[in-house]
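Only one structure is covered here, and it is reproduced in the block below.
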Amino acid sequence: MLAAGIDIGSTGTKAVLFDGEVRGVSVVPTGWDPKGAGLSALRQALDCAGVPESALNCIVGTGYGRVSLPIFDRKVTEITCHARGAYHLFPDTGTLLDIGGQDCKVISLDAHGGVVDFVMNDKCAAGTGRFLQVMAGVLEVTLEEMGLLAVGAEPAPISSMCTVFAESEIVGLLAQGVAKGSIAAGIFEAISRRMQGLAGKVRISSTVTFSGGVALNPQICRVIGAGLGVEMRVPAAPQFVGALGAALIGFEGDAAC
Amino acid sequence: MLAGETAAAGKAAAYEEIATLRERNALALKEAKESGVKVVGTYCLYSPTELIVAAGAVPVSLCGTSQNPIAAAEKVLPRSLCPLIKSSYGFALTDTCPFFHFSDLLLAETTCDGKKKMYELLGELKPLHLMQLPQIQDEAALDYWMVELKRLVARLQEEFGVEITAEGLTSAINLVNEERRSLKALQDVCKLRPAPISGSDLLAVLHNRGFCIDKRQAIELLDRLTAELVERAESGVSPFHERTPRVLLTGVPVGLGSDKVVRLVEESGGCVVCFESCGGYKKVDPVEVTGDPLRAIAEKYLRIPCSCMSPNQGRLQLLDTLVREFQVDGVIDLTWQGCHTYNVESYQVKTHLQREDQIPFLQIETDYSESDTEQLKVRIEAFLEMIGRRRKMPENALP
């Protein structure tokens, strides 16, 4: 049984092949063509695993682009897939934080990796990957550099969570001569506060797993973890958790696949 | 079993008739007006319909569930206000609601801050009677509300040159109670598993019926539809499968044009079997027929469990009953942006439902626009996946 999980996110498209173990992975930018990105991620993952497409028994799609690919045997939301993926990696996950390109979610899991409750940000990119990207752009640094700048800096007060408002707030701080490091730290604090607000709406367990591309930044993980008062566990490749979950759902699948 | 039958195919005959009620009634209303009938337009469930009927006038629901007139309303009202208030005001401002156009008097109540200030502006466009609604459900509030009802009686008598008698009130109570009975019977068909009518279609019926100017005709039509639906259920005809997840929708009022969430639930493979909102099950509670008719009317309207009441324990009790009677698998609480009372109360509803009924719960905060449709789909689909998985799990494995 070989299953593929394809997570077509707003920024990146990820594919994972699973047959009891992960056989191949790939990531491509989604760009303007979610369908093309899904197909090319699948092809690359197959190449990575060295198996032909005909070997696949089941393809599960997730992410915002899941509607655009006709090749999927099943479509499952990223909320269910992230939960499934996180449960596989850390079976004692009680709460999952997922920050993707355009949205953030806090998901509460039961002892079997099932979703029991979740909250998701509304139609706005506040505190998401896109928010960070825009802020990094204003500071003219990469996301990685922004993380390094923030280490040990006194966070500047940033109150806006709206991407557009925060941008003008930062421009104002720069004009006052506030150091980039402080601003970077302030941005992370703002995201942390946002996640605390969101997390307040569901039960938070002591075992919190952090998935999604934003989790690649260790400084953000530290700040959010400290804000929530929990120790955050970050998988080695947090951006693949959704695709992995989709592959697992396909692998364990019922007759539909 | 005709499971999976598309909602469009083979609807009950009475349904087709009801689908065109709004248009037909606009014409009927015009004719009635020309023959001298007085019309009172209402916005809210707190409007005591019986008094309007007893005054020999026609009560009609006014428009306020469409996105179309919101841009016009925003020239006056703040953008962050709830879409229901903006839409209601926009319809009035642009004169695009025939029922508003034909109204001789508008009846309004001080339910929430946004509405009551909007009514001040609306009063500049039409004669408007504002009832000061108390926001606690105790004896003192009832006495106060009685005074407000008497003030409305005086206004209606003066405005329309009629007398509202005790007999008139009793007969109006009987008529409106009969209407409530027919509305309840119709909604109760969805207690059957699977429900013989989709939530979208049921909502269309409830919405269009509000524009009906002849109550007896509407009752007859609803009863016919109910009978047809029961018959369909008996012969196994349903747009759903027995395993389709059953959702109860609570929270703010919904109507055609603001039915996005109902549509998304049903497109995602669920069915809305019960509307707890004020156009749905909140409406079916009858007036007591014993004692002083005016007092009985006051009692009935004051006990409406709207989030503008504080505290609002009645809503939680009603939800417990509906969750059980309609055998729902999940509850979706709908909040319009800017509706603070429903938005805040959502926390209490969630806490209560998860403690008392152990039922999956999802709050959705949105407006009438389509701008967040894709994001809402993710939430709703994930919610249905959550319900589906819960069902597959053995009972003892659930948390």
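The values are calculated or read from the model by the stated rules, or taken from the named source; none is laboratory data. Keep in mind that what you see is a predicted model, and the values were worked out from it rather than measured. Heads up, the Cβs are rebuilt from the backbone with ideal geometry, glycines too, and the neighbour counts pull from every protein chain shown. Protein only, heavy atoms only, side chains kept; ligands, DNA and RNA dropped before computing areas. Shrake-Rupley method; radii C 1.70, N 1.55, O 1.52, S 1.80 Å.
Which FRET efficiency value, to the nearest 0.05, do you get for B:ARG243 and A:LEU174 by plugging their Cβ-Cβ distance into 1/(1 + (r/R0)^6) with R0 = 41 Å?
0.10
Just to make sure I understand: if all protein chains stay in place, what is the order of B:GLU34, A:GLU189 by accessible area at 1.4 Å, largest first?
Ranking B:GLU34, A:GLU189 by accessible area, largest first, yields B:GLU34, A:GLU189.
Test of understanding: what is the full-extension gain from B:ASP320 to B:ARG263, defined as 0.36 nm times their sequence separation minus their Cα-Cα distance?
18.1 nm
If R0 is 60 Å, what FRET efficiency do you get for A:GLU21 and B:GLU17 from their C-beta distance, rounded to 0.05?
Taking R0 as 60 Å, the efficiency between A:GLU21 and B:GLU17 is 0.45.
Relative to the isolated chain, which residues of segment B:367-390 have their accessible area cut by 30 Å² or more in the presence of all protein chains (1.4 Å probe, heavy atoms, no ligands or nucleic acids)?
B:GLN375, B:VAL378, B:ARG379, B:GLU381, B:ALA382, B:GLU385, B:MET386, B:ARG389
In a Gaussian network model over chain B where Cα atoms closer than 10 Å are linked, find which of B:PRO78, B:PRO360, B:PRO293 has the largest mean-square fluctuation.
Taking springs between Cα atoms under 10 Å, the residue moving most is B:PRO78.
For chain A, return all DSSP H helices satisfying: extent of Cα atoms along own axis at least 27 Å; mean Kyte-Doolittle hydropathy at least 0.0.
A:180-199
In segment B:1-122, carbon and sulfur make up what percent of the accessible area (probe 1.4 Å)?
55 percent
So what does A:ARG233 come to for accessible area, using a 1.4 Å probe and Å² rounded to 10?
60 Å²
Report, to the nearest 10°, how far helix B:166-188 tilts away from the longest principal axis of the Cα atoms in chain B, using its own Cα long axis and a range of 0 to 90°.
Rounded to the nearest ten degrees, it is 20.
On average, how much accessible surface per residue is there in chain A, in Å², for a 1.4 Å probe, leaving out ligands, DNA and RNA?
For chain A, the solvent-accessible area averages 40 Å² per residue.
By how many nm would the segment from B:VAL76 to B:SER235 grow when fully extended, if each residue of separation counts as 0.36 nm and the alpha-carbon distance is taken off?
Value of the extension gain: 51.9 nm.
For the residue pair B:ASP113 and A:ARG203, what label-to-label distance in nm results when each label sits 7 Å from Cα along the Cα-to-beta-carbon direction?
According to this spin-label approximation, the distance is 3.5 nm.
In whole percent, and with a 1.4 Å probe on the protein chains, what portion of the accessible area of segment A:94-234 is carbon and sulfur?
56 percent
In the full protein assembly as shown, how much of A:VAL22 is accessible to a 1.4 Å probe, in Å² to the nearest 10?
That residue has around 80 Å² of solvent-accessible surface.
What nm distance separates the two modelled labels at B:GLN358 and A:GLU53, each placed 7 Å from Cα along Cα→Cβ?
Result for the modelled spin labels: 4.7 nm.
How would A:HIS88, A:HIS82, B:HIS340, B:HIS207 rank on accessible area, largest to smallest, probe 1.4 Å?
B:HIS340, A:HIS88, B:HIS207, A:HIS82
First compute the accessible area of segment B:270-383 with a 1.4 Å probe, then give the percent of it belonging to carbon and sulfur atoms.
With neighbouring chains kept in place, the figure for segment B:270-383 is 51 percent.
Pop out the ³J(HN,Hα) list for segment B:67-84 in order, Karplus 6.51 cos²θ - 1.76 cosθ + 1.60 with θ = phi - 60°, rounded to Hz; leave Gly and Pro as x.
In residue order, the calculated couplings are 5, 3, x, 5, 4, 5, 5, 5, 5, 10, 8, x, 5, 7, 6, 5, x, 5 Hz.
For the protein assembly as shown, count the residues as N, evaluate 2.2 N^0.38 Å, and divide the Cα radius of gyration by that value, please.
1.07
Mind checking how much accessible area A and B bury in total, 1.4 Å probe, in Å² rounded to 100?
Summing both sides, the interface buries roughly 1800 Å².
FRET efficiency for B:ARG295 and B:GLN157, Cβ-Cβ distance as r, R0 = 25 Å, nearest 0.05?
My answer for the efficiency is 0.85.
Along the Cα-to-C-beta direction of A:ALA226, a point sits 7 Å from the Cα; which residues of segment A:152-184 have their amide N less than 13 Å from that point?
So the set is A:152-156, A:182.
Using only the alpha-carbon atoms, how far is helix B:340-352 inclined from the longest principal axis of chain B? Give it as 0 to 90 degrees, nearest 10.
40 degrees
Report, please, the projected area of segment A:94-234 averaged over directions, based on the convex hull of its C-alpha atoms, in nm².
7.6 nm²
Relative contact order for chain A: what is it in percent, counting Cα pairs under 8 Å that are at least 6 residues apart?
Relative contact order for chain A comes out at 24 percent.
For segment B:290-350, what is the convex hull volume of its Cα atoms per residue in Å³?
Taking the convex hull of the Cα positions in segment B:290-350, it is 110 Å³ per residue.
Would you please classify the overall shape of segment B:193-257 from the alpha carbon gyration tensor, given that a ≥ b ≥ c denote the square roots of the eigenvalues, rounded means a/c under 1.5, and beyond that prolate means a/b larger than b/c while oblate covers the rest?
It comes out oblate by the Cα gyration axes.
Accessible area of B:LEU302, 1.4 Å probe, to the nearest 10 Å²?
Roughly 10 Å² of B:LEU302 is accessible to a 1.4 Å probe.
On a 1.4 Å probe surface of the protein chains, which of A:SER26, A:SER168, B:SER80 comes out largest in accessible area, and what is the full order?
From most accessible down to least: B:SER80, A:SER168, A:SER26.
Using only the Cα atoms of segment B:32-163, what do you get for the radius of gyration and for Dmax, in Å?
So, for segment B:32-163, Rg and Dmax equal 15.0, 43 Å respectively.
For chain B, max minus min Cα coordinate along each principal axis, in Å, sorted largest first?
Principal axes ranked by extent give 66, 45, 41 Å for the Cα atoms.
Can you give the accessible area per residue of segment B:48-138, in Å², using a 1.4 Å probe?
37 Å²
I need the P(r) histogram for segment A:122-195: all alpha carbon pairs, bin width 10 Å from 0 out to the longest distance, whole percents.
22, 62, 15, 1
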